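*Asks:* Submitted below is the structure of interest, expressed as structure tokens.
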Amino acid sequence: MFDVSTYEYDDDGFRECNVTGLNIHETAEDMVKLYGLTAILALTVGGLFALLVALTRWELIGLLSASDYYTYLSIHAWNLLIFWMIFMEIAILYVGGPFVLGRKLAIPLLAKAGWVIMATGALIVNVAILVTDFPNEAPLLTSYVPLPSSWQFYLGAIVFVLGTVIAALPFFATIWQDQREHGRRTLPLVTFGAFITSIVAVEALIGGLLTYVPALLWRIGYLESVDPAYYRQMYWIIGHGSQQINLLAMITVWYFLTHVIGGAAVASQKISRAAFVLYLFFINIGAAHHLMSDPVVSTGWRMWNTSYAAYGAVFASMIHAFAIPAGLEAGRRAKGKAGGLFGWLWSSPWDDPGFSATVLSIILFGFLGGITGVMMGQMQLNMTWHNTFATVGHFHATVATGTTLAFMGLGYYVLRLVFGREWSFGLVAKIQPYLYGGAMALTVLMMMYMGILFGVPRRHPSVMDIPGTAFSFSPAKPFFAVFGVAAIVSIVGGALFIVVALASLLVGEPFDGSSVGDIHRTAADGGESGSINAYSMRGTFTLCLIFLGVFVTLWAMNWYLLSTIWQIGP
């Protein structure tokens, strides 16, 4: 399909990757290219509109009118939170399935059909938002009824969801064929992670159909109305569930890239797999924090979802947060790439953009997205976070920072190992993850700070004063200046990734096939090393204690802020 690749296949359509040792079939490779390139296109569109949104929220500039702001915010959200993520995640399924298993992609025509339907749905959604009759129609990401969006918008969302389901079917079929042929063998960890991701995705996509199909029937006149409470409940199955797909796909990429580039082992196959299974049962419960003020859900339901059920998902995240750096440390120590407490970390290939993007993803997601997600998901603390700018900061920390960096890291190696192209503008590629990650970290910190301490609301084009109310947010003005500059720098950092990717594809030198990172390896799953023991992971234990200290400190600070909302006594 794409003749830009420099690789050649044998008579059966396979080639051996001399970096990972994987046998890759051209049917799977073509689809990874197709979905990956489409994801980068969505990233480009979303990034362009991110610039317009940021220059509007930065009060000094105030670029857009209110109507244009809501339109462009919706396009930004759909392209970066949904289209960039899900197109990339289908590519990850094909890497985790056919690539790692060394198989031909099952039913490749279905994969192509899924792409056509997804691309059509994405195009319909974008056009429908652009031509929205604001303020009579409201196409925001949630699009809560009874506020109407155009019927074309709901149609586009349904088409995209159906296309995603179809695109996932070849992955399931490939797994099924492999299990039949090999007698239900244990799946490699990366494949297992992709499989759990796909199951959570199906659940989320079913929620999307239960949300958008009744809304479409309502808008075209076949239903008199849609129960708003029903819509909110169903919407957050896909609204938050789509972000849980991002989480699982990101963690799968972490395991894959830390091994391929950094030489990581797997600290414990059983423990890592158990953590993925915990996600399967508990991760979508996280949507409850969007409904903490919803009058139709009971207090008992809120308490269950934000305490006991949430503990299962948080426990799974804690396992991965330890297992991945522990595997990196143990793997590098076993290969003589360490000394002292943190030598394994300092000696890592930090000038490799695939590695730096992956590790920055782990750090920033954990400290900025993970900790704040746990606090937002707690019933009492949620009152100080929700519907403020801090909420926007949280999902920019998780999706726009952590997940996007992981996918950028994977993108760098898709360029090398799939397209067979060396990175163009090598120095730019090396600094890009640091520029983007650092600027995004500052951006989200400003969002959280202004939301929690000043109560700055989300989804409002001008927040210094709200006409007709006593609310004034003028004290936040200096922080908006920092936010505006950091947001622009982060958008430039994202644009540099796109420039490097396109230049590498168009004019990049052929990749010579040499080993990557600083460690030679022959397989993509890692495996457990006999030398792994508690002492070989002592650096990771220390880092976890630091993380715990930060977590407890921020937790206590947020409870203190909550205690100041209602003054008790004179």
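*Asks:* Regarding the stretch 178-322, what whole-number volume in Å³ per residue does the convex hull of its Cα atoms give? Let's see the in-between values first.
*Replies:* Values: hull volume 21.0 nm³, N = 145.
For the stretch 178-322, the hull spanned by Cα atoms encloses 145 Å³ per residue.
*Asks:* Can you find, among 409, 328, 93, the residue farthest towards the positive end of the dipole of the chain? Put +1 on the C-beta of Lys and Arg, -1 on that of Asp and Glu.
*Replies:* 328
*Asks:* Another question, then. Obtain the radius of gyration and the Kirkwood radius of the stretch 186-259 from its C-alpha atoms and give Rg over Rh. Spell out each step's value before the answer.
*Replies:* Numbers: Rg = 16.5 Å, Rh = 13.8 Å.
Ratio of gyration radius to Kirkwood radius: 1.20.
*Asks:* Give the Rg (one decimal place) followed by the Dmax (whole number) of the stretch 123-177, computed from C-alpha coordinates and expressed in Å.
*Replies:* Considering the stretch 123-177 through its Cα atoms, Rg and Dmax are 15.2, 51 Å.
*Asks:* Mind giving me the FRET efficiency for residue 499 and residue 141? R0 is 22 Å, r the Cβ-Cβ distance, nearest 0.05 is fine. Intermediate results must be reported in sequence, preceding the final value.
*Replies:* On the way: r = 28 Å, r/R0 = 1.27.
For residue 499 and residue 141, the calculated efficiency is 0.20.
*Asks:* Can you tell me the accessible area per residue over the chain, all protein chains present, probe 1.4 angstrom, in square angstrom? Each step should come with its number before you reach the end.
*Replies:* Numbers: 22770 Å² over 570 residues.
For the chain, the solvent-accessible area averages 40 Å² per residue.
*Asks:* In debye, nearest 20: dipole of the stretch 152-280 around its Cα centre with unit charges on the Cβ of K, R (+) and D, E (-)? Mind dumping the intermediate values first?
*Replies:* Numbers: 7 positive and 5 negative charges, 72 e Å.
I would put it at about 340 debye.
*Asks:* What lysines could a cross-link reach from residue 335, if we take a straight Cα to Cα line under 26 Å and drop same-chain neighbours fewer than 8 places away?
*Replies:* The qualifying lysines are 270, 430.
*Asks:* While we're on this one: Residues of the stretch 146-164 with the amide nitrogen closer than 18 Å to a label point 7 Å from the Cα of residue 123, along Cα-to-Cβ, please.
*Replies:* 152-164, by backbone N distance to the label point.
*Asks:* Tell me the label-point distance for the pair residue 472, residue 179, using the 7 Å Cα-to-Cβ offset, in nm and rounded to one decimal.
*Replies:* With each label placed 7 Å out from Cα toward Cβ, I get 6.4 nm.
*Asks:* Additional query: Residue 270 to residue 229: FRET efficiency via 1/(1 + (r/R0)^6), r the Cβ-Cβ distance, R0 41 Å, to the nearest 0.05? Intermediate results must be reported in sequence, preceding the final value.
*Replies:* Details: r = 42 Å, r/R0 = 1.02.
For residue 270 and residue 229, the calculated efficiency is 0.45.
*Asks:* Let me ask something else. Given 128, 433, 282, which one lies farthest toward the positive end of the charge dipole of the chain, if we put +1 on the Cβ of every Lys and Arg and -1 on the Cβ of every Asp and Glu?
*Replies:* 282
*Asks:* Also, quick follow-up: Apply the Kirkwood formula to the stretch 2-98: the hydrodynamic radius equals the inverse of the mean of 1/r over all pairs of different alpha-carbon atoms; give it in Å with one decimal. Display every interim value, and only then the final one.
*Replies:* Numbers: mean 1/r = 0.0637 Å⁻¹.
It is 15.7 Å.
*Asks:* Output the relative contact order of the chain, whole-number percent, from Cα pairs under 8 angstrom with separation of 6+ residues. Each step should come with its number before you reach the end.
*Replies:* On the way: 927 pairs, mean separation 103.0, N = 570.
Normalised by residue count, the contact order of the chain is 18 percent.
*Asks:* Taking the Cα centre of the chain as origin, sum charge times position over the Cβ atoms of Lys and Arg (+1) and Asp and Glu (-1), and report the length of that vector in debye to the nearest 20.
*Replies:* On the way: 26 positive and 30 negative charges, 236 e Å.
Roughly 1140 debye, rounded to the nearest 20.
*Asks:* Applying the Karplus parametrisation 6.51 cos²θ - 1.76 cosθ + 1.60 with θ = phi - 60° to the phi angles of the stretch 304-314, what ³J(HN,Hα) value in whole Hz is obtained for each residue in order, glycine and proline being reported as x?
*Replies:* For the stretch 304-314, the Karplus curve yields 4, 5, 9, 10, 4, 5, 5, 4, x, 5, 5 Hz.
*Asks:* Percent of Cα-Cα pairs per 10 Å bin, from 0 to the last occupied bin, for the stretch 307-424, please list those.
*Replies:* 12, 32, 32, 18, 6, 0
*Asks:* Between residue 460 and residue 428, 0.36 nm times their residue separation minus their Cα-Cα distance comes to what? Walk me through the numbers before you get to the answer.
*Replies:* Values: separation 32, 0.36 × 32 = 11.52 nm, distance 3.51 nm.
Between residue 460 and residue 428, full extension yields an extra 8.0 nm.
*Asks:* Only four residue types carry charge here, +1 at the Cβ of Lys and Arg and -1 at the Cβ of Asp and Glu. Report the dipole size of the stretch 239-379 about the Cα centre in Debye, rounded to the nearest 20.
*Replies:* Numbers: 7 positive and 4 negative charges, 80 e Å.
With only Lys, Arg, Asp and Glu charged at Cβ, the dipole is about 380 debye.
*Asks:* Using a 1.4 angstrom probe on heavy atoms only, work out the carbon and sulfur share of the accessible area of the chain in %. Walk me through the numbers on the way to the answer.
*Replies:* Working: 15580 of 22770 Å².
Taking all protein chains in place, the chain shows 68 percent carbon and sulfur surface.
*Asks:* Straight-line reach from residue 104: which lysines have a Cα under 25 Å away, not including same-chain ones fewer than 8 places off?
*Replies:* By straight Cα distance, residue 104 reaches 33, 112.
*Asks:* On to the next question. Dipole of the chain (Lys/Arg Cβ +1, Asp/Glu Cβ -1, origin at the Cα centre): which of 70, 18, 236 lies farthest to the positive side?
*Replies:* 236
*Asks:* Show log10 I(q)/I(0) for the stretch 247-359 at q = 0.14, 0.16 Å⁻¹, two decimals, from a solvent-free Debye sum over equal Cα scatterers.
*Replies:* -0.65, -0.76
*Asks:* Same structure, new question: When only alpha-carbon atoms count, how far does the stretch 114-258 stretch along each of its three principal axes, as whole angstroms with the largest first?
*Replies:* On the principal axes, the stretch 114-258 reaches 56, 28, 28 Å in Cα extent.
*Asks:* To the nearest 10 degrees, how steep is helix 66-77 against the longest Cα principal axis of the chain, on a 0 to 90 scale?
*Replies:* 20
*Asks:* May I ask for the angle, rounded to the nearest 10°, between helix 404-417 and the longest principal axis of the chain, with both axes built from Cα atoms and the value confined to 0 to 90°?
*Replies:* Compared with the principal axis, the helix lies near 30 degrees.
*Asks:* For the chain, divide the Cα radius of gyration by the Kirkwood radius and give the resulting Rg/Rh value with two decimals. Intermediate values should be presented prior to the final figure.
*Replies:* Numbers: Rg = 23.2 Å, Rh = 24.3 Å.
Checking Rg against Rh, the ratio lands at 0.96.
*Asks:* In nm, what is the difference between 0.36 nm times the number of residues separating residue 341 and residue 563 and their Cα-Cα distance?
*Replies:* Additional length available on full extension: 75.9 nm.
*Asks:* Would you kindly calculate the translational diffusion coefficient of the stretch 364-488, applying Stokes-Einstein with the Kirkwood radius from alpha carbon pairs, for 37 °C and a viscosity of 0.692 mPa s, and quote it in µm² s⁻¹ without decimals?
*Replies:* Working: Rh = 16.0 Å.
So the translational diffusion coefficient is about 205 µm²/s.
*Asks:* May I pose another question? If you fit an axis through the alpha-carbon atoms of helix 26-57 and take the longest principal axis of the Cα set of the chain, what angle between them do you get, 0 to 90°, nearest 10?
*Replies:* Its long axis makes an angle of about 30 degrees.
*Asks:* Please list, by residue number, every one of the GluC sites (Glu not before Pro) in the stretch 166-261 that is coil in DSSP and has at most 16 other beta-carbon atoms within 10 Å.
*Replies:* Details: sites: 181, 203, 224; in loops: 224.
Hits after loop and neighbour filter: 224.
*Asks:* Right, something else. Once each part is reduced to its C-alpha centroid, what is the distance from the stretch 7-24 to the stretch 121-152 in angstrom?
*Replies:* 45
The values are calculated or read from the model by the stated rules, or taken from the named source; none is laboratory data. The shown structure was predicted, so the numbers you read here are calculated from the model rather than taken from an experiment. We place every Cβ from the backbone using ideal geometry, glycine too, and count neighbours over all the protein chains shown. For the accessible areas, the whole protein counts, side chains as well, though only heavy atoms, and no ligand, DNA or RNA atoms are used. Shrake-Rupley method; radii C 1.70, N 1.55, O 1.52, S 1.80 Å.
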